[in-house]
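Report on the following structure.
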Amino acid sequence: MCLILGISDDAHISNLLKAKLIGYKDFDTSMYTCALEFDFMEKETPVRYMKTLLLPVVLIIFLVISMKTYQYVLTKICNEGYTERQEDHFIRGEVVYHALQLVIFAILAILVMRLKLFLTPHMCIMASLVCSKQLFGWVFYKIQPGTLVVAILAMMAFEGIANVQKEWSIVGEFSNLPQEELLMWIKANTKEDAVFAGAMPTMASVKLSTLRPIVNHPHYEDAGLRARTKIVYSMYSRKPAKEVKSELLKLGIDYYILEDSWCLRRTKPGCSMPEIWDIEDPANAGKTPLCKMLSKNPRPFFRTVFDNSIFKVLEVRE
């Protein structure tokens, strides 16, 4: 669809699905698949769904919808002259639509853990159909609807209350002194129009706290931003420093914030930044990563103007 409409912003989504299904790899998809939140759904999630009874209730509702849909369609096909009674009427498009949407959300959540944010609310919406007379009228002849709903909510509440109490018990305080030092230095020692580049999360903090111009930030779904971020992240590749500096200057960058953690960290095999760049730039595979060399001595192409335990600010000079 992206190719037909000429839309490039969302073109990476098809590549992400290819990466999940057939192991396709490129720079952009690896940036996603190497992040833990874009991994496959962890085993604990369906277990939590089971404990709160959300999954069993939704499965029962889905099976009833499927059976009634099948019966309705079969009756229509086999009895063309059949005139349905009001009490036999079941199919409403919205019910079937939501059931099919549930299947799609479930598949996406299994492939990409982060997409649980669509699945879980939709499961809760589907669970409300336990009150539907269309689906469970045969049960309501024997049990009062209110009694059934209260009983289900009471059973769900055992685990639900425990989950709420667990979340309430989490008390903490965010502290990132090295980043505070970095931001204070930027505000005190750089011009207001000085342009910065670096890791996307850090750039968001720089923009928010110092109002300095930045060339990349965490909105990675934008095609133009992905292209700029790829150039910025070439500092963590194995390319020659001269080549990387030339590309940075084209973006008008004055300062680059280098982080050793981005050079060294590896969430799983093949997921360090130099390894991701090896997919995109096989010609330089096996060489020492540029970030490692710059961390020791950035000269002659860059100059260190700030340094602490986490961040090193390099001046990008002509």
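The values are calculated or read from the model by the stated rules, or taken from the named source; none is laboratory data. Please read these numbers as outputs of a predicted model, since none were measured by experiment. Quick reminder, even Gly has a Cβ in these numbers, built from the backbone with ideal geometry, and neighbours come from all protein chains shown. The protein model used for the area step is the full one, side chains on, heavy atoms only, and it has no ligands, DNA or RNA in it. Shrake-Rupley method; radii C 1.70, N 1.55, O 1.52, S 1.80 Å.
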Exercise. Under 20 Å from a label point 7 Å along Cα→Cβ of LYS296: give me every residue in the range 260-286 with its amide N that close.
Key: 260-265, 273-275, 284-286
Quiz item: Dividing the Cα convex hull volume of the range 156-293 by residue count, how many Å³ per residue is that?
Solution: 173 Å³
Practice problem: Could you work out the Rg to Rh ratio of the range 222-273, with Rh taken as the Kirkwood radius (inverse of the mean 1/r over all Cα pairs)? | Solution: 0.99
Quiz item: Over 19 Å between Cα atoms, which of LYS207/LYS245; LYS187/LYS296; LYS51/LYS268; LYS25/LYS242; LYS20/LYS268 qualify?
Solution: LYS207/LYS245; LYS187/LYS296; LYS51/LYS268; LYS25/LYS242
Quiz item: Which ³J(HN,Hα) values, rounded to whole Hz and listed in residue order, are derived for the range 177-190 from phi using the Karplus coefficients 6.51, -1.76 and 1.60 in 6.51 cos²θ - 1.76 cosθ + 1.60 with θ = phi - 60°, glycine and proline given as x?
Solution: 4, x, 5, 4, 4, 4, 5, 5, 5, 4, 5, 8, 10, 10
Quiz prompt | Inverse mean reciprocal Cα-Cα distance (Kirkwood Rh) of the range 82-195, Å | solution = 19.7 Å
Quiz item: Where a ≥ b ≥ c are the square roots of the eigenvalues of the C-alpha gyration tensor, would you call the range 21-84 rounded, which needs a/c under 1.5, or, failing that, prolate if a/b is larger than b/c, or oblate?
Solution: oblate
Exercise. Could you grab the relative contact order for the chain? Cα pairs under 8 Å, six or more apart, rounded to a whole percent.
Key: 17 percent
Practice problem: Report the convex hull volume per residue for the range 223-316, counting only C-alpha atoms, in Å³. | Solution: 103 Å³
Self-check item: Projected area, mean over directions - the chain, Cα convex hull, nm²
Solution: 23.4 nm²
Quiz item: Long-range amide H contacts for ILE214: which residues qualify at under 5 Å (H placed 1.01 Å from N, peptide plane, sequence gap of 5 or more or a different chain)?
Solution: PHE196
Practice problem: Compute the distance in nm between two label points, each set 7 Å from the Cα along the Cα-to-Cβ direction, one at ASP260 and one at ASN15. | Solution: 3.2 nm
Practice problem: Note down the Stokes-Einstein diffusion coefficient of the range 129-168 in µm²/s, whole number, using a Kirkwood radius over alpha carbon pairs, 4 °C, and 1.567 mPa s. | Solution: 113 µm²/s
Quiz item: How large is ³J(HN,Hα) for each residue in the range 300-313, as worked out from phi by the Karplus curve 6.51 cos²θ - 1.76 cosθ + 1.60 (θ = phi - 60°), to whole Hz, x for Gly and Pro?
Solution: x, 8, 9, 9, 6, 10, 8, 7, 9, 5, 10, 10, 10, 8
Practice problem: Would you mind getting the accessible area per residue of the chain, heavy atoms of the protein chains only, 1.4 Å probe, in Å²? | Solution: 60 Å²
Quiz item: Given a cut-off of under 8 Å on Cα pairs at least six residues apart, what relative contact order in percent is computed for the range 213-318?
Solution: 31 percent
Quiz prompt | the chain - percent of accessible surface contributed by carbon and sulfur, probe 1.4 Å | solution = 62 percent
Self-check item: Rounded accessible area of ASP307 (nearest 10 Å², 1.4 Å probe)
Solution: 90 Å²
Quiz prompt | Nearest-10 value in Å² for the accessible area of THR267, using the 1.4 Å probe | solution = 80 Å²
